[in-house]
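Everything on this sheet refers to the single structure shown next.
Derivation of every value follows stated rules applied to the coordinates shown; laboratory data play no part. This structure is a prediction, so every number in the text was calculated from the model and none was measured. Note that we place each Cβ from the backbone using ideal geometry, even for glycine, and neighbour counts take in every protein chain shown.
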Ligand SMILES: Nc1ncnc2c1ncn2[C@@H]1O[C@H](COP(=O)(O)OP(=O)(O)O)[C@@H](O)[C@H]1O
Ligand SMILES: N[C@@H](CCC(=O)OP(=O)(O)O)C(=O)O
């Protein structure tokens, strides 16, 4: 058994995320039987002394039938109307189902600001910790009815990875309608199951596609991104089918397991690397990429070849390599307007007030890819 599976099986605090496609059926709405089976698996694990936060999608899917909508709407306003109706049905179904095990649920609807802004992040942390201490099961979803296109998470896989870090979870379990990660989109025919992801080389070049059910949002693309985010931050991940929830939450001997990085990022560095929104980009030459990513040095003006975006000193920016790939993120020390005259110049050639790092090493997080 891999270390990641052992960690999931032994976790004292877990985030379990379930997708729309595992809870709802197109045209029929919420499937009470599948929801009950999931709740049974979670309640059993809670019975073993594990604290669980459930991130559940399905509000939009559950709201379709009551509003006589035949398929998932494409426009935001109708999606929000469906989520508004469906979230109530979803919360009611969970309250009733967990009630069979005398467990109380608490609904937590989050917007991206709640996990992206640092002050809000701490506030959300307090709420979760209190709910768990009181023995309740937090049931989380994005607050779809108030989210706008710009600030939306859109997919709950990422939200689940952020919540897992926020609550200090020992592991993250992503439950979907597919039983594992495959080396190609299973709809394209023969593909092989990937049981363990221990590093980037295990997923390099595999083909991941979008949702097939018409109910889910991000497909395997968002699941893989979320699993990588969590694993890079030190949280092992198990991706499995919701139908196998009992096994996933018991022995973890099913699905795809993602090995976590050795060290857990501090809340600040996790926020910086994965939660905060970037206001712009600094394009780096190869030498600067090596310095900041491999040698963990500060970024100096000499290694910057381009600046994009409107940002101010103190904002978060992406650091990209010459091919355009984001290799790190950090808090920038200068306004966007100041940088063009500085870039490419060595520090001692700059006026004295500009003789400091553009991004200090303490405020810089290299990303796994
Ligand atoms: N490489 C892959 N491995 C596994 N599933 C994949 C892959 N590429 C695409 N998929 C599709 O992703 C779907 C799961 O995503 P989605 O429907 O968004 O789930 P959820 O509603 O649980 O978030 C699967 O049903 C599958 O068709
Ligand atoms: N917040 C939306 C879910 C969005 C979402 O990520 O869905 P999914 O890809 O099924 O996990 C809802 O409750 O319908």
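So, by mean Cβ neighbours within 10 angstrom, what's the order for 2-9, 155-162 with the highest one leading?
155-162, 2-9
Helix 76-99: angle to the longest alpha-carbon principal axis of the chain, degrees 0 to 90, nearest 10?
On a 0 to 90 degree scale, this one is about 60.
Compute the length gained on full extension between residue 269 and residue 26: take 0.36 nm times their separation in residues and subtract their Cα-Cα distance, giving the result in nm to one decimal.
Answer, rounded to one decimal: 83.5 nm.
Going by alpha carbons, how many degrees (0 to 90, nearest 10) lie between the helix axis of 219-232 and the longest principal axis of the chain?
Taking Cα atoms only, the helix is inclined about 60 degrees.
Over region 7-68, what is the relative contact order in whole percent, taking alpha-carbon pairs under 8 Å and six or more residues apart?
Averaging sequence separation for qualifying contacts and normalising by length gives 51 percent for region 7-68.
Could you rank the peptides 315-321, 96-102, 272-278 by their average count of other C-beta atoms within 10 Å per residue, with the highest value first?
315-321, 272-278, 96-102
On a full-extension model of 0.36 nm per residue, what is the gain between residue 88 and residue 104, subtracting their alpha-carbon distance, rounded to one decimal in nm?
Working it through step by step, the gained length comes to 4.2 nm.
Let me understand region 278-366 better: what is its radius of gyration from the alpha carbons, and its Dmax, in angstrom?
Values for region 278-366 (Cα only, Rg and Dmax): 11.3, 32 Å.
Describe numerically, in nm with one decimal, the distance between label points set 7 Å from Cα along Cα→Cβ at residue 192 and at residue 294.
3.1
Averaging sequence separations of C-alpha pairs under 8 Å and six or more residues apart, then dividing by the length of region 278-366, give the relative contact order as a whole percent.
Dividing the mean separation by the residue count of region 278-366 yields 36 percent.
Give me log10 I(q)/I(0) at q = 0.07, 0.15, 0.17 Å⁻¹ for region 3-269, Debye formula, one equal scatterer per alpha-carbon, no solvent.
-0.21, -1.09, -1.43
What is the calculated FRET efficiency for residue 3 to residue 360, with r their C-beta to C-beta distance and R₀ = 41 Å, to the nearest 0.05?
In this case the efficiency is close to 0.75.
What is the calculated FRET efficiency for residue 341 to residue 120, with r their C-beta to C-beta distance and R₀ = 41 Å, to the nearest 0.05?
With R0 = 41 Å, the Cβ-Cβ based efficiency is 0.70.
Which angle from 0 to 90°, rounded to the nearest 10, does the C-alpha axis of helix 118-133 make with the longest principal axis of the chain?
30
Mind ranking 172-180, 191-199 by how tightly packed they are, going by the mean number of other C-beta atoms within 10 angstrom, highest first?
Peptide ranking by packing, descending: 172-180, 191-199.
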